[in-house]
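Novice: Dropping the structure in here first, questions after.
The values are calculated or read from the model by the stated rules, or taken from the named source; none is laboratory data. Everything numeric here is computed off the predicted structure, so don't read it as measured data. Ideal geometry is used to build each Cβ from the backbone, glycine not excepted, and the neighbour counts take in all protein chains shown. The accessibility values were calculated without ligands, DNA or RNA, using every heavy atom of the protein model including side chains. Shrake-Rupley method; radii C 1.70, N 1.55, O 1.52, S 1.80 Å.
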Amino acid sequence: YEGKIDMDIEFADLEASDYINQILALEDLDIIHGYPDNTFRPNENITVAESLKLAVHTLGFKLENGEDIWYMPYVDKARELDLVSTNDYIDFDRPIKREELDKLIKKTLKGEDNINLRHMEQHITRGEATEIFLKARNMIGEEAFSIEKAIFLEHELESRLYQETIKTDERFNKV
C-alpha cells in the first residue's frame, strides 16, 4: 500500500499498538472497519469469520454484512473462490490458528506466499492479521482490481451492444 495514510485515529484503542500503520492502511483501503464502540481491539485474537472477511476484501470484493449472520456473505464468497471448502470450519466465531491463516493466505495468493508465520499451533491477534493481510494486498497489487474492473466493463459493453442491436433490428423491421 502506497497511499497516504490518514493519521486521524478513528479507533480509540490504537495508540499503543505496534500495528497502527497497518490497521490505518487497511481502514483507508476500506478493508477493515472495527467495532461499533469505536475500537479495533488489535490485541484480541482474530476469528475465522473475520479472517475470511479480510481475505475476501483483500481480493477486492466488497460485500455487505449479512442480516442474520453478519459473516455468511464472506463465507459464501470464500467458498466460491475456493479459499475454503464447506467442511473446513464448523465454528466461524472461534479464533483462527496461525496454521489455518497460513493456508488461507496461500489460497488467497494462489500459492505464492512469503509471509512465513511461526508458532503455527497458536492463535493470531487482530493486529498481527492486519500486517499479514496488508502484505497480501500489496503482493496482489492493483492487478486483481484491474481484472475485476475489466470484466465489469466488458459486461457493460456487451449490454450496450445488445441494446443497440435491438434498436437496429427494430428500425429495419419498421421499413
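Novice: So, Asp82, is that one more than 15 Å from Glu131 (Cα to Cα), in a loop (DSSP other than H, G, I, E, B) and of a type in the set (Asp, Glu) or not?
Specialist: Values: more than 15 Å from Glu131 (Cα to Cα): yes; in a loop (DSSP other than H, G, I, E, B): yes; of a type in the set (Asp, Glu): yes.
Against the criterion (more than 15 Å from Glu131 (Cα to Cα), in a loop (DSSP other than H, G, I, E, B) and of a type in the set (Asp, Glu)), Asp82 qualifies.
Novice: Among the residues of region 48-63, what is the count of those that are aliphatic (A, V, I, L, M), more than 19 Å from Arg98 (Cα to Cα) and under 8 Å from the mean Cα position of the chain (by Cα)?
Specialist: Filtering region 48-63 for residues aliphatic (A, V, I, L, M) gives 48-49, 52, 54-56, 59, 63.
Filter once more, keeping what is more than 19 Å from Arg98 (Cα to Cα): 59, 63.
Applying the additional criterion that residues be under 8 Å from the mean Cα position of the chain (by Cα) yields 59.
Counting residues in region 48-63 that are aliphatic (A, V, I, L, M), more than 19 Å from Arg98 (Cα to Cα) and under 8 Å from the mean Cα position of the chain (by Cα) gives 1.
Quick grid of which residues meet (1) modelled with pLDDT under 90; (2) under 18 Å from the mean Cα position of the chain (by Cα); (3) surrounded by fewer than 14 Cβ atoms within 10 Å (Cβ to Cβ):
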residue	(1), (2), (3)
Tyr74	no, yes, no
Glu80	no, yes, yes
Leu83	no, yes, no
Lys103	yes, yes, no
Lys106	yes, yes, no
Gly111	yes, yes, yes
Asn114	yes, no, yes
Leu117	yes, no, no
Met120	yes, no, yes
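Novice: Determine which single condition Ile90 fails, assuming it passes every other condition in (1) open to solvent by 80 Å² or more (accessible area, probe 1.4 Å); (2) modelled with pLDDT of 90 or more; (3) within 26 Å of Asp18 (Cα to Cα).
Specialist: (3)
Novice: Any residue in region 87-98 that is within 25 Å of Leu14 (Cβ to Cβ), basic (Lys, Arg) and touching a Phe, Trp or Tyr at 6+ places or on another chain (Cβ under 7 Å)?
Specialist: No, there is no match, as no residue in region 87-98 is within 25 Å of Leu14 (Cβ to Cβ), basic (Lys, Arg) and touching a Phe, Trp or Tyr at 6+ places or on another chain (Cβ under 7 Å).
Novice: For region 1-10, does any single residue satisfy the condition of being buried (at least 18 other Cβ atoms within 10 Å of the Cβ) and either modelled with pLDDT of 90 or more or touching a helix residue (DSSP H, G or I) at 6+ places or on another chain (Cβ under 8 Å) (or both)?
Specialist: Step one: list which residues in region 1-10 are buried (at least 18 other Cβ atoms within 10 Å of the Cβ), which gives none.
Taking every residue of region 1-10 in turn, none turns out to be buried (at least 18 other Cβ atoms within 10 Å of the Cβ) and either modelled with pLDDT of 90 or more or touching a helix residue (DSSP H, G or I) at 6+ places or on another chain (Cβ under 8 Å) (or both).
Novice: Considering only residues that are aliphatic (A, V, I, L, M) and in contact with a Pro (Cβ under 7 Å, 6 or more places away or on another chain), look in region 11-23 and name the one that is modelled with the highest pLDDT.
Specialist: Filtering region 11-23 down to residues aliphatic (A, V, I, L, M) leaves 12, 14, 16, 20, 23.
Filter once more, so that each one left must be in contact with a Pro (Cβ under 7 Å, 6 or more places away or on another chain): 14, 23.
Details: Leu14: 86, Ile23: 89.
Checked region 11-23; the qualifying residue modelled with the highest pLDDT is Ile23.
Novice: To continue, here is another question. Identify all residues within region 41-53 that are open to solvent by less than 10 Å² (accessible area, probe 1.4 Å) and under 22 Å from Lys107 (Cα atoms); write none if there are none. Break it down stepwise before answering.
Specialist: Step one: list which residues in region 41-53 are open to solvent by less than 10 Å² (accessible area, probe 1.4 Å), which gives 42, 46, 48-49, 51-52.
Correct list: Ile46, Val48, Ala49, Ser51, Leu52.
Novice: Next question, about the same structure. Please determine, by comparing only the residues of region 122-143 that are touching a Lys or Arg at 6+ places or on another chain (Cβ under 8 Å) and either under 16 Å from Asp18 (Cβ atoms) or modelled with pLDDT of 80 or more (or both), which one is least open to solvent (accessible area, probe 1.4 Å). I'd like the intermediate steps shown before the answer.
Specialist: Just the residues of region 122-143 that are touching a Lys or Arg at 6+ places or on another chain (Cβ under 8 Å), to begin with: 122-124, 126.
Now drop any that are not either under 16 Å from Asp18 (Cβ atoms) or modelled with pLDDT of 80 or more (or both), which leaves 123-124, 126.
Details: His123: 76, Ile124: 0, Arg126: 18 Å².
Only one residue tops the list, namely Ile124.
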